[in-house]
Amino acid sequence: MTKDLYILRFVAAILLSYIVSYVSVMLAIDFPSLRFYGKWIALFAFFLIFVNHLLKPLRITTIPGFSLASVFLIYILAHDIVFPSYYLSQNYGFSIIFIYFMYIIFRVIVQNLYEYRILIRILWMSMLFSLFYYMTSLFLFTDGNIFLGYRISSEDMGAEININTISFMAVIWLIITIRMFEVEALFGNRNLKKILIFSAFFISFLIVVYHASLMATLIWLTCLIYFFFKSSKVSKTMILITIVSLVFGAWFIDVLAQHWIVIDARIDSSGSTIGRMDKIITVLDQFSKSPIFGMSVDQALFDNSNISQHTFLINILTIYGLFGFIIFIMFIWQLIKQTISQVTPSQVMAVAFFVGVWLTAPTNNLQIVALVIMISKFPHPDSDIN
């Protein structure tokens, strides 16, 4: 029975990694029909996990963050009754609960360190595949001339994914690469070459800068600085060599000089930094009208055509008021605090990523991956898998 349940959880891990790593979205660039199978794959994975839970129950209430997540869910349900909204797709509260629900699913899948090791490997390979497939498609889409002096939208290529999400994916892939090293070290496996980490820094940097994602760039720099100060003398030398190669490479300097025009334009555009600040001011003005319990999504974000998608934390504050925002912050703090027992470099980076995404963007699947990286406690840590 134990072996059968292990295989069942293994299959579920592969299916869910296929979803959260955006593999189906990337494949849909060339195979559009695949986008319709994503939901069915997720439902089948949930069914497998449900069967596993029936045969080997796990006390869901012991999972970090469960109590405050329940309180927050009750609050947003009551809030939506009092402040109904036409824009159900913009329900920020339920998007948070969905992330937590997926986190619970992964906690059910991973019941010991052995299974966690396998899950990290699966997620790492899934994300590498997504990034590789996307960049290959981009190369073919531009006939090999990807540095055109302007930012190509992923939607232009047929990928139903925000271009900033691509940059965030590169960053979380970097973090999960570091996490994979940490987990393998627990098993005494030090055969993985450190050059893999430096390659991950290099590749993720190219993707982040190419797509001119400001927040992703800041998170990437945070990871680099933190990893630099946590590394040995030899590792620091390798990091410096990597940075020098990035900054002073003749080819890279040539194309980067052209491409920073894109970033400079985004800082001044209405769709980026300055535009977002204007939206934040407008949304905060709405918050002042009902600061305690908030208002409907319609009132908070869509009055005067003020559609704000890039100020998630401010949106939560405005929609659910101070009362709901405090519950939300307490829930996130409890989740992070109880998930991490022994803080490692990758987990610190995952926390920075998890919070950093919400400073600009709505919730997305990659925050689920960040929560998986933070996991360090297991319900059956001593169970052995043959």
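Tabulated data
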item: Hey, F106 within 14 Å of L15 (Cα to Cα), in a helix (DSSP H, G or I) and of a type outside the set (S, T, Y) or not; result: yes
item: Only one of V11, V25 that is at pLDDT 75 or above, assigned to a helix (DSSP H, G or I) and buried (at least 20 other Cβ atoms within 10 Å of the Cβ); result: V25
item: Residue selected from the range 271-299 under the condition modelled with pLDDT under 75 and basic (K, R), by the criterion nearest to the chain's Cα centre (by Cα); result: R276
item: Set W358, W333: member being at pLDDT 70 or above, of a type outside the set (K, R) and touching a Phe, Trp or Tyr at 6+ places or on another chain (Cβ under 7 Å); result: W358
item: Filter result for S126 (farther than 26 Å from S21 by Cβ, at pLDDT 85 or above and not in a loop (DSSP other than H, G, I, E, B)); result: no
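One line per residue, one yes/no per condition, for (1) at pLDDT 85 or above; (2) over 30 Å from P57 (Cβ atoms):
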site: Y100; (1), (2): yes, no
site: F106; (1), (2): yes, no
site: F139; (1), (2): no, yes
site: G144; (1), (2): no, yes
site: I152; (1), (2): no, yes
site: L174; (1), (2): yes, yes
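The values are calculated or read from the model by the stated rules, or taken from the named source; none is laboratory data. These numbers come from a predicted model, not from an experiment. So basically every Cβ, Gly included, is an ideal-geometry build from the backbone, and we count neighbours across all protein chains shown.
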